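Q: Take a look at this one; I'll ask things after.
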Amino acid sequence: MRCMPPRLPVIFIRLLLLLSLFPLRLPAQDQVITPGAVTSVSQEGPGLSLRTQNAFAFITVYSNNIIRVRLSDRPFFKDQSYAVVASPALQPVKWAQDAAAITVTTDSLQLIIHKSPFSITFLTLEGKVINEDEKGLGTSWIGTQVTTYKTLQPGERFIGLGEKTGNLDRRGNAYTNWNSDVYGYHIDQDPLYSDIPFYIGTHGGLSYGIFLDNSYRTDFNFGASNDRCSSFGAQGGEMNYYFIYHSDVAGIIKSYTDLTGRMKMPPLWSLGYQQNRYSYYPDAEVLRIAHTLREKRIPADGITLDIHYMDHYKLFTWDPERFPHPRAMTDELAQMGFKTTVIVDPGIKVEKGYPAYESGLAENIFLKYSDGQPYTGQVWPGWCHFPDFTSVGGREWWKKEIRSYADAGVAGIWNDMNEISTWGQKMPDNLLFDLDGKRGTHLQGHNVFGLEMARSSNEGMRAATGKRPFILSRSGYAGLQRYSAIWTGDNRAEDDHMLAGVRLLTSLGLSGVAFTGMDIGGFTGNPTQALYTRWMQLGAFIPYFRNHTANNSKSAEPWTFGEEVTEICRKYISLRYTLLPYIYAAFREASTDGMPVVRSLAIAYTGDPHVYDTRYQNEFLFGSALLVMPQESTASFAKVYLPAGEWYDAYTGEKYQGGQERILELSAERLPVFVKGGSFIPRQSLVQYTGQAPADTLDLHVYAGAEKDSLSLYEDDGETYDYEKGNYYQRTLRFDPAAHTITLDKPQGQRSSHYHFIRLVLHGCGGDERFSFLPGDAGEQGAPVKTRLFTNDDEKISFIF
């Protein structure tokens, strides 16, 4: 049999031709580039400058608790941050090196920089690993994308990351930061409106924080789809993160807000009840709502106007038919004790003769394409240009324009649509942002647009009025707490949205933002009577208490669900007003230490696994002492968890030992609330708005407990910044169970208290009187209490119980 000639040479030639077209070497943009080994190190003030085979690194000691890590695959560009307002420590960094590693030491932690290859480990002074780069991965680049990979520690949990849906413990999940307009979002949707790339990790009794200060689109993976590592990275720019270590989560939040700033004291009126709808118009309807609130004795401080107050949705205008005399309307509202807040969107309609458009063009403040033409996008007024809030000129222009609202008697500015939102939700990437002289594209400017809009509104209203403005924003970036409150956007009238909203608020609190809220009752859809009732009860314990619903939904004012619901709402809103001294003290703490007003139990009970149980993760502390337990409106019974310590049922006064689960029977009339043993709850007499003076006696409720506790009463004028000059009254209260004493320290500050008398109301000490938690329930049998009246003029008061 004859053999066929071999075909191998032909196949081989064809293979060579194919390989010449498709080389085995991956294109540069698909390669994984690592820093490689350290080649040099030198000290520069409070930092170390390092060169590696493929990268540049800079390590800065900001404080004993904070170390900054910068990595770049090219020489560093101009250092700039819209989030960080702190400066690094002045003293030189303490460091040493050997052949294998460089060691940086502070009074609180150690940083080990391994030389070959470059990687980082953070340790306690005793040598325990707090956080470390995953061996073999560390930090790397794929094209412009940079990512740092961290070893997953045994039992490690991850909390915070700002406005993120999902469980309190984010282990096993991944998230993206790209500010987005997500109307009627799902309870597991990501991303949402704002971007705070800061999280807290805990394991083995240790806690740390990582803040990735990079305004490009960023991604965080907490062990999603792998069992080896967590990671965080950005689509462009540097790897630039701050590592924070402290003995507890509260200390981490304080250090993070040392970096990114804290809120100013808000105007007192903004802590009262706010009534809103999309939309109230004309002016007669606005006044009708205000009169009805007063007639029905439902305390309230604010009325909010949505986009229909404008002339064809054009910013800085009023509809001439619906609101012909805006100043007369706001003055009439003010006479009834109401402050007016108006919505503002960033889009400036392209329309010749429209003053804002003409002045914006003249001052050259609008965002542009790379060829210099102004960008035009479509929103409510039609085709619009958009101010570049990352430029000094854009901010100054906005501040001048915003004055018109102050002149019209407006007290609050609600920044909306500032993700940036446009119809189609896809702004071109080649838009140019000034970035305060750094220059960049939409890819870098997008996530800070909302932050800088809120900043401009804040600075503009403050300049126009000389008073504390109320600023609300839908979008923002890390540091937004310096300028604005935030709410969780266009939620839905569903039980799971109410509960998911609670977790959004506690996560924002873990991320440095104390003044937060959500649309009570749900923005879109129609709540059942039971859901509305439960949500309004919950609203009494939310920093920004706003009832809000959409224009295609049923009216949702407190009186629209029948008299029984109206009475329940009245009691809980009234409760809010009696608790204002307690709430104001919590905001003072937020302004000085960064502690949130709505506090995840993970702050005080970090090591308790029950806190992260999905059955209990919605429970939170309102201030330091009130344990609030949100429940589905359809539930008849609830299983709840009381953390360690002693707890009092707020309504019955019954005392329970903590560290245990309980079954509660639920009722429509009451939201489960407990009070921590050993704590203080100051309460004033009921007022109908914050501008109305309460009685001159402050009821100081003291709940006996086994642990020491304290609280600082705080008062100021509620509207100016004079408190920064010492014009305030502050008095620290101390409870000492071992000594059986309650002490009121000497007052601090230049201001006298409004309250001439303090009545101590002692719970858990026996007695003949009775107490009711809810206003209007005076006839109900509550817990036995004792009372003692003191004159508040005494410099120091000590009472033995």
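Q: Looking at (1) surrounded by 21 or more Cβ atoms within 10 Å (Cβ to Cβ); (2) in contact with a Gly (Cβ under 9 Å, 6 or more places away or on another chain); (3) modelled with pLDDT of 95 or more; (4) within 18 Å of Leu762 (Cβ to Cβ), which one does Tyr723 not meet, given that it meets all the others?
A: It is condition (4) that Tyr723 fails.
Q: Taking Asp388 as the residue in question, decide whether it is closer than 30 Å to Ser215 by Cβ, in contact with a helix residue (DSSP H, G or I) (Cβ under 7 Å, 6 or more places away or on another chain) and open to solvent by 70 Å² or more (accessible area, probe 1.4 Å). I'd like the intermediate steps shown before the answer.
A: On the way: closer than 30 Å to Ser215 by Cβ: yes; in contact with a helix residue (DSSP H, G or I) (Cβ under 7 Å, 6 or more places away or on another chain): yes; open to solvent by 70 Å² or more (accessible area, probe 1.4 Å): no.
For Asp388, the condition - closer than 30 Å to Ser215 by Cβ, in contact with a helix residue (DSSP H, G or I) (Cβ under 7 Å, 6 or more places away or on another chain) and open to solvent by 70 Å² or more (accessible area, probe 1.4 Å) - is not met.
Q: Somewhere in region 643-660, is a residue aliphatic (A, V, I, L, M), out of contact with any strand residue (DSSP E or B) (no Cβ under 6 Å at 6 or more places or on another chain), in a loop (DSSP other than H, G, I, E, B) and over 14 Å from Leu580 (Cα atoms)? Break it down into steps so the answer makes sense when it comes.
A: Of the residues in region 643-660, the ones aliphatic (A, V, I, L, M) are 644, 650.
Those still in the list that are out of contact with any strand residue (DSSP E or B) (no Cβ under 6 Å at 6 or more places or on another chain) too: 644.
Pick out the ones that are also in a loop (DSSP other than H, G, I, E, B) and you get 644.
Still in the running and over 14 Å from Leu580 (Cα atoms): 644.
Yes: region 643-660 contains one or more residues that are aliphatic (A, V, I, L, M), out of contact with any strand residue (DSSP E or B) (no Cβ under 6 Å at 6 or more places or on another chain), in a loop (DSSP other than H, G, I, E, B) and over 14 Å from Leu580 (Cα atoms).
Q: Next up: Residue check, Ala540 against (1) in contact with a helix residue (DSSP H, G or I) (Cβ under 6 Å, 6 or more places away or on another chain); (2) surrounded by fewer than 22 Cβ atoms within 10 Å (Cβ to Cβ), all met but one. Which one?
A: (2)
Q: Return the only residue of Gly517, Gly522 being in a loop (DSSP other than H, G, I, E, B) and either open to solvent by less than 10 Å² (accessible area, probe 1.4 Å) or of a type in the set (Val, Ile, Thr) (or both).
A: Working: Gly517 fails: in a loop (DSSP other than H, G, I, E, B).
Criteria check complete, one pass: Gly522.
Here's the yes/no breakdown for (1) of a type in the set (D, E, K, R); (2) open to solvent by less than 10 Å² (accessible area, probe 1.4 Å):
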position	(1), (2)
Ile573	no, yes
Pro581	no, no
Glu589	yes, no
Pro609	no, no
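Q: Across region 344-374, which residue is surrounded by the most Cβ atoms within 10 Å (Cβ to Cβ) among those that are hydrophobic (A, V, I, L, M, F, W, C) and part of a strand (DSSP E or B)? It would help to see each step written out before you state the result.
A: Taking region 344-374 first, the residues hydrophobic (A, V, I, L, M, F, W, C) are 344, 348, 350, 356, 361-362, 365-367.
Of the ones still in play, those that are also part of a strand (DSSP E or B) are 344, 348, 366.
Numbers: Val344: 22, Ile348: 26, Phe366: 22.
The residue in question is Ile348.
Q: Let me ask something else. On the phi < 0 side of the Ramachandran plot, touching a residue at least 60 places away in the same chain (Cβ under 8 Å) and in contact with a Cys (Cβ under 7 Å, 6 or more places away or on another chain), is that true of Ala704? Talk me through it step by step, then tell me what you get.
A: Details: on the phi < 0 side of the Ramachandran plot: yes; touching a residue at least 60 places away in the same chain (Cβ under 8 Å): yes; in contact with a Cys (Cβ under 7 Å, 6 or more places away or on another chain): yes.
Against the criterion (on the phi < 0 side of the Ramachandran plot, touching a residue at least 60 places away in the same chain (Cβ under 8 Å) and in contact with a Cys (Cβ under 7 Å, 6 or more places away or on another chain)), Ala704 qualifies.
Every residue, every condition in (1) open to solvent by less than 20 Å² (accessible area, probe 1.4 Å); (2) touching a Leu at 6+ places or on another chain (Cβ under 8 Å), yes or no:
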| site | (1), (2) |
| --- | --- |
| Arg403 | no, no |
| Ala406 | yes, no |
| Ala411 | no, no |
| Asp416 | yes, no |
| Glu419 | yes, no |
| Leu432 | no, yes |
| Leu435 | yes, no |
| Arg455 | no, no |
| Phe470 | yes, no |
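Q: Among the residues of region 357-377, write down those that are without any contact (Cβ under 8 Å) to a residue 24 or more places away in the chain and of a type in the set (S, T, N, Q).
A: Gln373
Q: Which condition from (1) crowded, with 16+ Cβ neighbours inside 10 Å; (2) touching a Leu at 6+ places or on another chain (Cβ under 7 Å); (3) part of a strand (DSSP E or B) is the one that Leu762 breaks?
A: (2)
Q: Specify which of the listed residues (Leu268, Leu192, Leu206) is out of contact with any strand residue (DSSP E or B) (no Cβ under 9 Å at 6 or more places or on another chain) and surrounded by fewer than 24 Cβ atoms within 10 Å (Cβ to Cβ). Let's see the steps before the verdict.
A: Details: Leu192 fails: surrounded by fewer than 24 Cβ atoms within 10 Å (Cβ to Cβ); Leu206 fails: out of contact with any strand residue (DSSP E or B) (no Cβ under 9 Å at 6 or more places or on another chain).
Exactly one residue qualifies, and that residue is Leu268.
Q: A follow-up question, please. State all residues of region 621-635 that are touching a strand residue (DSSP E or B) at 6+ places or on another chain (Cβ under 7 Å) and either farther than 27 Å from Arg770 by Cα or surrounded by fewer than 18 Cβ atoms within 10 Å (Cβ to Cβ) (or both); if no residue qualifies, say none.
A: As a first pass, look at region 621-635 and keep what is touching a strand residue (DSSP E or B) at 6+ places or on another chain (Cβ under 7 Å): 621-622, 624-629, 631.
Gln631 - this is the single residue of region 621-635 that is touching a strand residue (DSSP E or B) at 6+ places or on another chain (Cβ under 7 Å) and either farther than 27 Å from Arg770 by Cα or surrounded by fewer than 18 Cβ atoms within 10 Å (Cβ to Cβ) (or both).
Q: Quick one: would you say Leu666 is in contact with a Pro (Cβ under 8 Å, 6 or more places away or on another chain), farther than 23 Å from Ile253 by Cβ and open to solvent by 20 Å² or more (accessible area, probe 1.4 Å)? Walk me through it before giving the result.
A: On the way: in contact with a Pro (Cβ under 8 Å, 6 or more places away or on another chain): yes; farther than 23 Å from Ile253 by Cβ: yes; open to solvent by 20 Å² or more (accessible area, probe 1.4 Å): yes.
So Leu666 passes the test.
Q: Let me ask something additional. Does Arg297 satisfy being among the basic types (Lys, Arg), open to solvent by 30 Å² or more (accessible area, probe 1.4 Å), farther than 16 Å from Ala408 by Cα and at pLDDT 95 or above?
A: Values: among the basic types (Lys, Arg): yes; open to solvent by 30 Å² or more (accessible area, probe 1.4 Å): yes; farther than 16 Å from Ala408 by Cα: yes; at pLDDT 95 or above: yes.
Considered against the rule, which asks whether it is among the basic types (Lys, Arg), open to solvent by 30 Å² or more (accessible area, probe 1.4 Å), farther than 16 Å from Ala408 by Cα and at pLDDT 95 or above, Arg297 comes out as yes.
Q: On to the next question. Pairs only if they're at least six apart or on different chains, beta carbon under 6 angstrom, first in region 727-756 and open to solvent by 80 Å² or more (accessible area, probe 1.4 Å), second assigned to a loop (DSSP other than H, G, I, E, B) and at pLDDT below 95; list them, first residue then second.
A: Pairs that qualify, where the first residue is open to solvent by 80 Å² or more (accessible area, probe 1.4 Å) and the partner is assigned to a loop (DSSP other than H, G, I, E, B) and at pLDDT below 95, are His740/Phe801; Lys746/Glu795; Lys746/Lys796; His756/Asn792.
Q: (1) open to solvent by 40 Å² or more (accessible area, probe 1.4 Å); (2) among the hydroxyl-bearing types (Ser, Thr, Tyr); (3) under 25 Å from the mean Cα position of the chain (by Cα): which one isn't true of Ser116, the others all being true?
A: With respect to (1) open to solvent by 40 Å² or more (accessible area, probe 1.4 Å); (2) among the hydroxyl-bearing types (Ser, Thr, Tyr); (3) under 25 Å from the mean Cα position of the chain (by Cα), Ser116 is out only on (3).
The values are calculated or read from the model by the stated rules, or taken from the named source; none is laboratory data. Model, not experiment: these values are computed from the prediction. Positions of Cβ are backbone-derived with ideal geometry, glycine not excepted, and every protein chain shown enters the neighbour counts. Only protein heavy atoms, including side chains, enter the accessible area calculation; ligands, DNA and RNA are left aside. Shrake-Rupley method; radii C 1.70, N 1.55, O 1.52, S 1.80 Å.
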